[in-house]
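Structure, as structure tokens:
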Amino acid sequence: MSSVFPDIRPDSYSPHALHSLERMWPETNCYIDLWIEVLSTLGLAPEAMLGFTLGQDFEGDQFTFFKVPLEDLEALYGIRVTELAIFDKVERHIQTQISRGRLCLIEMDSFYMPDTQGTAYRQEHGKTTVAINRLDMAGKRVDYFHNGGFFSLEGEDFDGLFQLHLTDEDPLFLPYTEFAKFPETPVDAAQTRAVSRALLSAHFGRRPRENPIRAFSAVFPEQVEAVAERPFGFFHKYAFNTLRQFGANFELLADHLVWHSADEFGAAAEHARRLSEAAKSVQFQLARAVTRRRFEPLSTALDPAADAWDAVMASLAERL
């Protein structure tokens with residue numbers, strides 16, 4: 001059974017420090033978490049890619065689902081990621097690419113993924129991105145990167161994940177799939193650091209013109225009041241796409257800045273962590289507001305986070 005990284009196993013895998021359970025947001029979103037682990041497995045510094053977090057904005061109903069730009073991956077690490085056309089069974093394409101040393105990133109159904117036990121596994125269908133390292137069709141087993149770790153599944157879960165339970169008459173769902181081509185020679189670490197610094201400045205230039213936290217604050221109580229009318233499970237989806245997205249985003253920005261230079265960017269990193277902490281605090285307030293149906297305190301709940309955003313950008317403006 002071929003694999004892209006033959007030396008790793010789910011039962012002995014150690015996640016990167018950016019996924020430590022001691023962090024405010026041990027997991028962020030499936031795409032960036034996946035890349036943190038893949039880059040770490042390659043022996044590369046995932047902290048180098050995180051300058052793009054400066055571009056996160058409030059999109060009216062959610063915060064930007066932050067994803068590393070593919071051009072950044074190529075510039076930093078020499079990794080080329082492009083869409084993989086799916087015109088045959090998904091597993092056949094995966095087998096072909098693994099045999100060529102390429103990693104497939106696929107949107108799959110978390111209903112069949114045991115690592116989502118307690119949230120989605122066997123409870124609800126939802127798309128999430130995984131990177132498949134090892135595929136055993138005969139043994140019905142797959143090893144994959146997902147969120148902050150490396151896992152395996154088999155048997156009925158394997159059948160469900162690859163839609164093998166369907167008949168020939170049933171229409172297949174063809175997922176969006178990317179594949180990563182790794183360079184023959186790793187990019188020099190000093191070059192990666194230099195490129196990362198240039199990208200930090202570029203992403204700073206693309207930051208939102210207006211404070212996105214204040215824009216969110218203006219509609220937050222009204223949105224939460226509407227959330228309270230929905231089944232409680234909807235609360236988790238809303239919180240994930242708002243407070244968790246910008247909270248996790250700015251915790252990663254803090255790590256990026258410290259990785260560059262704690263002396264130069266220490267103040268900005270501290271403001272970013274304060275912003276992240278505020279998001280975590282407001283998430284608890286959100287839960288109470290939905291339970292008690294009291295929304296007035298939320299009108300000022302985001303003020304500390306909005307002030308921290310201003311402070312992050314002002315500090316970086318002095319240094320970039």
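Descriptive notes on the structure:
- Extended-chain gain in nm, criterion 0.36 nm per residue less alpha-carbon gap, residue 215 and residue 127: 28.9 nm
- Length-normalised contact order of the chain in % [C-alpha pairs under 8 Å, at least 6 apart]: 23 percent
- If the Kirkwood radius is taken over C-alpha pairs of the chain, then at 4 °C and 1.567 mPa s the Stokes-Einstein diffusion coefficient equals 62 µm²/s.
- Helical runs (DSSP H, four residues minimum) scored at -39500 (n - 2.57) apiece and divided by the length of the chain put the mean residue ellipticity at 222 nm at -14000 deg cm²/dmol.
- Nearest 10 degrees, 0 to 90: helix 245-260 Cα axis against the chain principal axis: 90 degrees
- Angle between the chain longest axis and helix 90-99 axis [Cα atoms, degrees, rounded to 10]: 90 degrees
- Proximal charge balance of residue 149 [Cβ under 10 Å; K/R count +1, D/E count -1]: -4
- Relative contact order (%) - the range 189-319, alpha-carbon pairs under 8 angstrom, separation at least six: 33 percent
- Calculated SAXS-style log₁₀ I(q)/I(0) at q = 0.14, 0.21 Å⁻¹ - the range 66-198, Debye, Cα scatterers: -0.70, -1.30
- Of the residues 136, 7, 88, the one with the fewest other Cβ atoms within 10 Å heads the list, and the complete ranking is 7, 88, 136.
- Here the range 41-87 is described by how far its Cα atoms reach on the three principal axes: 35, 35, 18 Å, from widest to narrowest.
- Modelled label positions at residue 240 and residue 117, each set 7 Å beyond Cα in the direction of Cβ, lie 1.9 nm from each other.
- Straight-distance candidates among the lysines for linking to residue 67, with alpha-carbon spacing under 24 Å and chain neighbours fewer than 8 residues away dropped: 127, 181, 237, 280.
- The chain: angle of helix 262-292 to the longest principal axis, Cα-based, in degrees nearest 10: 90 degrees
- Each principal axis of the Cα atoms in the range 102-149 has its own extent, and those three values, largest first, are 29, 21, 16 angstrom.
- Across the options 51, 14, 29, the greatest Cα extent toward the positive end of the charge dipole of the range 1-90 (unit charges at beta carbon of Lys, Arg, Asp, Glu) belongs to 14.
- As a proxy for reagent exposure, ranking 113, 24 by other Cβ atoms within 10 Å from fewest up yields 24, 113.
- Proxy reagent accessibility, fewest Cβ within 10 Å first, across 25, 259: 259, 25
- Residue-count net charge about residue 204 - beta-carbon cut-off 13 Å; Lys, Arg +1, Asp, Glu -1: +4
- Stokes-Einstein D for the range 239-298, Kirkwood Rh over Cα pairs, 20 °C, 1.002 mPa s (µm²/s): 173 µm²/s
- Spread over its residues, the convex hull of the C-alpha atoms of the range 189-319 is 101 Å³ per residue.
- Partner lysines whose Cα lies under 20 Å from the Cα of residue 140, excluding those fewer than 8 positions away in the same chain, are identified as 89.
Read-outs: derived from the displayed coordinates by stated rules, not from any lab. Since the structure is predicted, the reported quantities are computational estimates derived from the model, not experimental observations. Cβ sites come from the backbone with ideal geometry, for glycine too, and all protein chains shown count toward neighbours.
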